[in-house]
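Beneath this line is the structure, given in structure tokens, with notes to follow.
Every number in this text was worked out from the coordinates using simple rules, so none of it is lab data. Please read these numbers as outputs of a predicted model, since none were measured by experiment. Ideal geometry is used to build each Cβ from the backbone, glycine not excepted, and the neighbour counts take in all protein chains shown.
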Amino acid sequence: MKRVDHIGIAVRDLNAVLPYYTETLGCPLLKIEEVASENVRVAFIDAGNIKLELLEAMSEESVIFAFLEKRGEGIHHIAFGVENIETRMAELREKGVRLLNEQPKQGAGGALVAFMHPKSSNGVLYELCEKQ
Ligand code: ZN
């Protein structure tokens, strides 16, 4: 893995938590976008050497909705920045890592993303993220 690209944080109300990041912590808001494939609205916060991805469920079908119901707000995933995501996925599969996606899918910012099953990673949901 080259680097940690971002940390995903599940929030109930994006608009309500944004002032905490932008005003209280003083971290710039980079952008807000909707990711239809995940049913989430996402805000990227510039935290210096890393981005924070604040995730709000857009519907009850969203995995973020399920996460919030089960665990409440908090850290949802850690994303590794990778190149050649399909090669990476194949390598991980060979090493016995379970992936939640057969194929990379379109994530925020047009990135290709795939998730590793938390059961393969000692309880941590890791994302692989390739910038286009
Ligand atoms: Zn992410």
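Out of the stretch 1-39, which residues are among the hydroxyl-bearing types (Ser, Thr, Tyr) and without any contact (Cβ under 8 Å) to a residue 60 or more places away in the chain? Passing the criteria: 20, 21, 22, 24. Considering only residues in the stretch 4-21 that are surrounded by 15 or more Cβ atoms within 10 Å (Cβ to Cβ) and not hydrophobic (A, V, I, L, M, F, W, C), the one that is farthest from residue 126 (Cα to Cα) turns out to be 21. Among the strands (runs of 3 or more DSSP E) confined to the stretch 32-132, there are none with at least 1 residues that are hydroxyl-bearing (Ser, Thr, Tyr), away from the ligand (no atom under 12 Å from the Cβ) and crowded, with 18+ Cβ neighbours inside 10 Å. Note on the stretch 6-16: residues that are in contact with an Asp or Glu (Cβ under 8 Å, 6 or more places away or on another chain) and outside any loop (DSSP other than H, G, I, E, B) total 6.
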